[in-house]
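A.B. asks: To start, I am sharing the structure in question, which I have written as structure tokens.
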Amino acid sequence: MKSLLVLFSYHHNNTAKLANVFAEVLDAQIKTPQQINPEELQEYSLIGFGSGIYGAKHHKSLLDLTDNMFQVTNGKAFIFSTSALTGEDKKADDHSSLKEKLQSKGYIIVDDFQCKGFNTNSFMRFFGGMNKGRPNVEDLKNAEEFAQKLKERI
């Protein structure tokens, strides 16, 4: 299985920590959206798309990349993120824009993963931020288990 992770991780590299775990389990390369030629995506049997959450959606660079991607038939993808606030409903909302764009290009979203990330955006920086130390050891263990299950299913 040839896997790729498309990652935008900026402020505290929260999402990069997840991507590194996924990459190890899935034997995947990690590239930024800017490093991707949309044509090369067709070479992969599984692609993970991830970033922090900005205004209830993935980073603009990921969303812009999906606009330029080629149509595929039954491509397999998964979505991941870190966010200040989490929960199943929140994850569904946060991932919906990227999910819809990927599905419109013919990708099947096989699963998604989200955990808390350290956040110092907006007024929270004046109070030391939210979720200091996240993703933590337990989050990374959950990420590893998630990737193992993906590997078994695909």
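A.B. asks: Given the structure, is N20 closer than 12 Å to L140 by Cβ, polar (S, T, N, Q) and open to solvent by less than 30 Å² (accessible area, probe 1.4 Å)? Explain how you work it out, then say what you get.
C.D. replies: Numbers: closer than 12 Å to L140 by Cβ: yes; polar (S, T, N, Q): yes; open to solvent by less than 30 Å² (accessible area, probe 1.4 Å): no.
Criteria not met by N20.
A.B. asks: Quick one: which residue in D93, D64 is modelled with pLDDT under 95, part of a helix (DSSP H, G or I) and surrounded by fewer than 16 Cβ atoms within 10 Å (Cβ to Cβ)?
C.D. replies: On the way: D64 fails: modelled with pLDDT under 95.
Exactly one residue qualifies, and that residue is D93.
A.B. asks: Would you confirm, using the coordinates I've provided, whether I36 is over 26 Å from L85 (Cα atoms), surrounded by fewer than 20 Cβ atoms within 10 Å (Cβ to Cβ), out of contact with any His (no Cβ under 9 Å at 6 or more places or on another chain) and of a type in the set (V, I, T)?
C.D. replies: Details: over 26 Å from L85 (Cα atoms): yes; surrounded by fewer than 20 Cβ atoms within 10 Å (Cβ to Cβ): yes; out of contact with any His (no Cβ under 9 Å at 6 or more places or on another chain): yes; of a type in the set (V, I, T): yes.
When the stated conditions are applied, I36 passes them.
A.B. asks: Of the residues L26, L41, only one is surrounded by 13 or more Cβ atoms within 10 Å (Cβ to Cβ), in contact (Cβ under 8 Å) with a residue 60 or more places away in the chain and out of contact with any Pro (no Cβ under 7 Å at 6 or more places or on another chain); which?
C.D. replies: Working: L41 fails: in contact (Cβ under 8 Å) with a residue 60 or more places away in the chain.
Sole residue among the options that is surrounded by 13 or more Cβ atoms within 10 Å (Cβ to Cβ), in contact (Cβ under 8 Å) with a residue 60 or more places away in the chain and out of contact with any Pro (no Cβ under 7 Å at 6 or more places or on another chain): L26.
A.B. asks: Check the range 23-34 and report whether any residue there is of a type outside the set (A, V, I, L, M, F, W, C), part of a helix (DSSP H, G or I) and closer than 23 Å to K105 by Cβ. Give the steps one after another, and end with the answer.
C.D. replies: Within the range 23-34, the subset of a type outside the set (A, V, I, L, M, F, W, C) is 24, 27, 29, 31-34.
In the following step, the residues that additionally are part of a helix (DSSP H, G or I) were identified as 24, 33-34.
Those still in the list that are closer than 23 Å to K105 by Cβ too: 33-34.
Within the range 23-34, one or more residues are of a type outside the set (A, V, I, L, M, F, W, C), part of a helix (DSSP H, G or I) and closer than 23 Å to K105 by Cβ.
The values are calculated or read from the model by the stated rules, or taken from the named source; none is laboratory data. Remember, predicted model here, so these are calculated numbers, not experimental data. Cβ coordinates were reconstructed from backbone atoms using ideal geometry, including for glycine residues, and neighbour counts include every protein chain displayed. Accessible surface is based on the protein model in full, side chains and every heavy atom, while ligands, DNA and RNA are left aside. Shrake-Rupley method; radii C 1.70, N 1.55, O 1.52, S 1.80 Å.
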